[in-house]
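**Q** Here it is, the structure, as structure tokens.
The values are calculated or read from the model by the stated rules, or taken from the named source; none is laboratory data. Since this is a predicted model, take the numbers as computed values, not measurements. Please note: Cβ atoms are built from the backbone with ideal geometry, for glycine as well, and neighbour counts cover all protein chains shown.
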């Protein structure tokens, strides 16, 4: 059950991240002249992101229905889901950092990797703060 709920949370986080990136790209595209050679590349990235948003939305709906069917009495908001383990988040964060560094400049892969880095940095900070609270503030001891 927890794996499904975490999958739902991850899908929700990625969906919000992709929507933010889609908004940024659309704002960038609107500033370009119609004949700007960068327009085609940005429009392709917008189309790809829109496709990812639709896929994530369908995945979120299906996972949410599966969670509800599996244990309707255990359903709660995603904000109440315990954080993932710090090493798991850190591993994904490092992978996203590597992807961001190796992606071609201006590519959708680079943009999404940088967005993943930000999301994972925030998730790590929340998980670390939660661990510090639950263990008597071990992180701040000398």
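**Q** Please find, among 109, 96, the residue that is within 22 Å of residue 46 (Cα to Cα) and at pLDDT 95 or above.
**A** The match here is 96.
**Q** Go through the residues of segment 124-133 one by one and say whether even a single one is closer than 13 Å to residue 13 by Cβ, surrounded by 15 or more Cβ atoms within 10 Å (Cβ to Cβ), touching a helix residue (DSSP H, G or I) at 6+ places or on another chain (Cβ under 9 Å) and free of Cβ contacts under 8 Å to residues at least 40 places away in the same chain.
**A** Checked segment 124-133: at least one residue is closer than 13 Å to residue 13 by Cβ, surrounded by 15 or more Cβ atoms within 10 Å (Cβ to Cβ), touching a helix residue (DSSP H, G or I) at 6+ places or on another chain (Cβ under 9 Å) and free of Cβ contacts under 8 Å to residues at least 40 places away in the same chain.
**Q** Among the candidates 3, 62, 44, single out the residue that is outside the structural domain of residue 123 (by TED's automatic domain parsing), within 17 Å of residue 127 (Cβ to Cβ) and in a helix (DSSP H, G or I).
**A** The conditions single out 3.
**Q** Would it be correct to say that residue 69 is outside any helix (DSSP H, G or I), at pLDDT below 90 and not assigned by TED's automatic domain parsing to the domain that holds residue 133?
**A** When the stated conditions are applied, residue 69 does not pass them.
**Q** Is it the case that residue 17 is closer than 26 Å to residue 63 by Cβ and surrounded by 14 or more Cβ atoms within 10 Å (Cβ to Cβ)?
**A** Yes, satisfied.
**Q** May I pose another question? Any residue in segment 31-39 that is in contact with a helix residue (DSSP H, G or I) (Cβ under 7 Å, 6 or more places away or on another chain), touching a residue at least 12 places away in the same chain (Cβ under 8 Å) and outside the structural domain of residue 120 (by TED's automatic domain parsing)?
**A** no
**Q** Among the candidates 47, 41, 56, which residue alone is under 16 Å from the mean Cα position of the chain (by Cα) and either under 18 Å from residue 111 (Cα atoms) or buried (at least 16 other Cβ atoms within 10 Å of the Cβ) (or both)?
**A** After applying the criteria, what remains is 56.
**Q** Can you find a residue that is more than 21 Å from residue 113 (Cβ to Cβ), in contact (Cβ under 8 Å) with a residue 40 or more places away in the chain and assigned to a helix (DSSP H, G or I) anywhere in segment 74-92?
**A** Checking segment 74-92: at least one residue is more than 21 Å from residue 113 (Cβ to Cβ), in contact (Cβ under 8 Å) with a residue 40 or more places away in the chain and assigned to a helix (DSSP H, G or I).
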